[in-house]
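What follows is one structure encoded as structure tokens, with my remarks underneath.
The values are calculated or read from the model by the stated rules, or taken from the named source; none is laboratory data. Everything numeric in this text was worked out from a predicted model, so none of it was measured. When we count neighbours, we look across all protein chains shown, and the Cβ atoms used for this are built from the backbone with ideal geometry, even at glycine. Quick note on the areas: whole protein, heavy atoms, side chains included, nothing else; ligands and nucleic acids left out. Shrake-Rupley method; radii C 1.70, N 1.55, O 1.52, S 1.80 Å.
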Amino acid sequence: MSPQARRNSVFHTSIPDAGCAIDRNIPDFPIAQLSDEEKYFRTYKAPPYLDEIEEEVRKFIDYHATHTGKRVALITSGGTTVPLENNTVRFIDNFSAGTRGATSAEYFLENGYAVIFLYREFSLLPYSRHYSHTTNCFLDYMTESNNKVEINPDFAHEMLIILRKYKKAKDSNSLLVIPFTTVNQYLYTLRSIAILLQKVGSKALFFLAAAVSDFFLPQSRMPQHKIQSQSTGKLIIDLEQVPKFLRRLVDNWAPSGMIVSFKLETDSSILIDKAKTALDRYQHQLVIGNLLQSRKKEVVIVAPNDQSHSIKLSDREVKENLEIESLIVPEVAEHHEKWISDHIKNEQES
Ligand code: PAZ
């Protein structure tokens with residue numbers, strides 16, 4: 001296999017960490033206390049591969065800080081799982097396929113960013129998304145001619161365009177792909193990357209499109225082996241709330257980076273209020289609100305000082321397969337541009 005043909009990532013986050021023995025002395029995670037986030041990290045173990053990921057991320061950030069000066073977007077994408085057993089057979093998951101994140105990554109790359117793509121392993125990836133999770137089998141994109149495999153001419157033109165973009169991102173070392181599966185892996189990896197991104201200051205952009213579980217099962221209550229149906233009859237699951245890490249990200253992990261979070265709702269009557277409340281509570285820069293039912297064609301962008309507006313695709317644009325991320329990303333990049341110049345001005349004044 002050529003180096004190009006190799007997958008980017010050597011980490012496999014979906015393999016449960018069965019070696020992580022249960023320590024019954026670990027107290028249950030207390031809810032609603034002051035530094036819940038710190039307690040979380042003191043109570044739950046980091047994924048065993050985290051040092052290696054940090055090394056890869058450090059190299060990537062150093063490369064761009066030294067050689068290209070590009071802005072760096074950390075895009076989170078896909079859903080987190082909540083394991084119910086230590087040797088995980090069952091887990092709680094959510095709907096997210098990672099379309100928003102993978103699609104946005106392509107547009108950030110086109111807008112000149114270096115991208116760290118923190119994604120749920122086996123969810124959609126930039127570029128390969130066009131072929132990996134479609135109703136076609138990947139073999140449908142190929143055909144046989146003179147005893148050789150060729151690209152089916154029906155797809156060849158579009159594939160060439162995508163291939164060129166993919167190669168450009170790869171050859172310029174502009175895309176780093178980092179996987180997670182569980183909510184614990186996500187939180188630890190997000191914290192590590194955010195702290196490493198402090199090196200690029202205001203040039204860091206956080207685009208938090210992952211659908212992160214609000215609840216988790218503390219290790220102290222997690223059975224080591226597969227839950228047996230005979231012994232319980234019913235399965236009653238008692239979950240704790242995942243601490244609100246956005247505050248930690250804004251205040252401590254990424255004090256100079258621009259932070260864009262997403263808010264997903266299913267009830268249109270509460271979406272804008274919830275997005276405004278999030279912006280108020282965490283004091284970050286933008287919240288992008290979307291409804292589960294219409295997320296691919298409409299979002300609302302909420303900025304401080306009660307500024308909000310919608311981006312909506314017309315029926316014609318939907319028919320023409322225009323991707324809403326092609327409109328969201330340049331707008332976010334424009335906000336980021338201003339964020340960077342405000343920072344430079346503040347530094348000059350102080
Ligand atoms: O992954 P996807 O494209 O199917 O969905 C994207 C999304 C709805 C998960 C994203 O746009 C989003 O709103 N993420 C944040 C969800 C939340 O925690 O509220």
Completion exercise
the chain, Gaussian network, Cα under 10 Å: of N147, N184, N252, the residue fluctuating most is N147
Completion exercise
Counting only DSSP beta bridges with both partners in the range 36-349, the antiparallel fraction in percent, to the nearest 5, comes to 35
Practice task
Taking only Cα atoms and a 10 Å spring cutoff, compute GNM fluctuations for the chain and point out the largest among I92, I340, I15.
Solution key: I15
Exercise for the section: With the full set of protein chains in place, find how many percent of the accessible area of the range 36-349 is carbon and sulfur; take the probe as 1.4 Å. Expected result: 50
Practice task
Give me the net charge of S174's neighbourhood, meaning all other residues with Cβ under 15 Å from the Cβ of S174; Lys, Arg count +1, Asp, Glu -1.
Solution key: +4
Exercise for the section: Read phi for every residue in the range 94-103 and hand back ³J(HN,Hα) as whole Hz from Karplus 6.51 cos²θ - 1.76 cosθ + 1.60, θ = phi - 60°, with x for Gly and Pro. Expected result: 9, 6, 5, 9, x, 5, 4, x, 5, 5
Completion exercise
If each part is reduced to its alpha-carbon centroid, the range 312-348 and the range 264-309 end up apart, in Å, by 15
Completion exercise
Given backbone amide H placed at 1.01 Å from N, residues whose amide H is under 5 Å from that of I259, ignoring those fewer than 5 places away on the same chain, are F206, Q285, L286
Handout entry: Dipole axis of the chain (+1 Lys, Arg; -1 Asp, Glu on Cβ), positive-most option in I178, Q198, Y113
Key = I178
Exercise for the section: Pick out, from L271, V302, V329, the residue whose Cα sits farthest towards the positive end of the charge dipole of the range 247-350, with +1 on the Cβ of Lys and Arg and -1 on the Cβ of Asp and Glu. Expected result: L271
Completion exercise
Of the candidates L125, Q283, P255, the farthest towards the positive dipole end of the chain (Lys/Arg Cβ +1, Asp/Glu Cβ -1, centred on the Cα centre) is L125
Handout entry: Amide H contacts under 5 Å for R71, placed H, 5+ residues apart
Key = A114
Practice task
Take the chain, connect every pair of alpha-carbon atoms lying under 10 Å apart with a spring to form a Gaussian network, then pick out the residue of A46, A275, A156 with the largest mean-square fluctuation.
Solution key: A156
Completion exercise
Which residues qualify? For I178, with a placed amide H closer than 5 Å and at least 5 residues away or on another chain, they are F117, L118, Y119
Problem - 1.4 Å probe accessible area per residue over the chain, in Å² - result: 54
Handout entry: Environment charge at L327 (Cβ cut-off 11 Å; Lys +1, Arg +1, Asp -1, Glu -1)
Key = -3
Practice task
Evaluate the charge dipole of the chain about its Cα centre and quote only its size in Debye, nearest 20, assuming +1 on the Cβ of each Lys and Arg and -1 on the Cβ of each Asp and Glu.
Solution key: 320
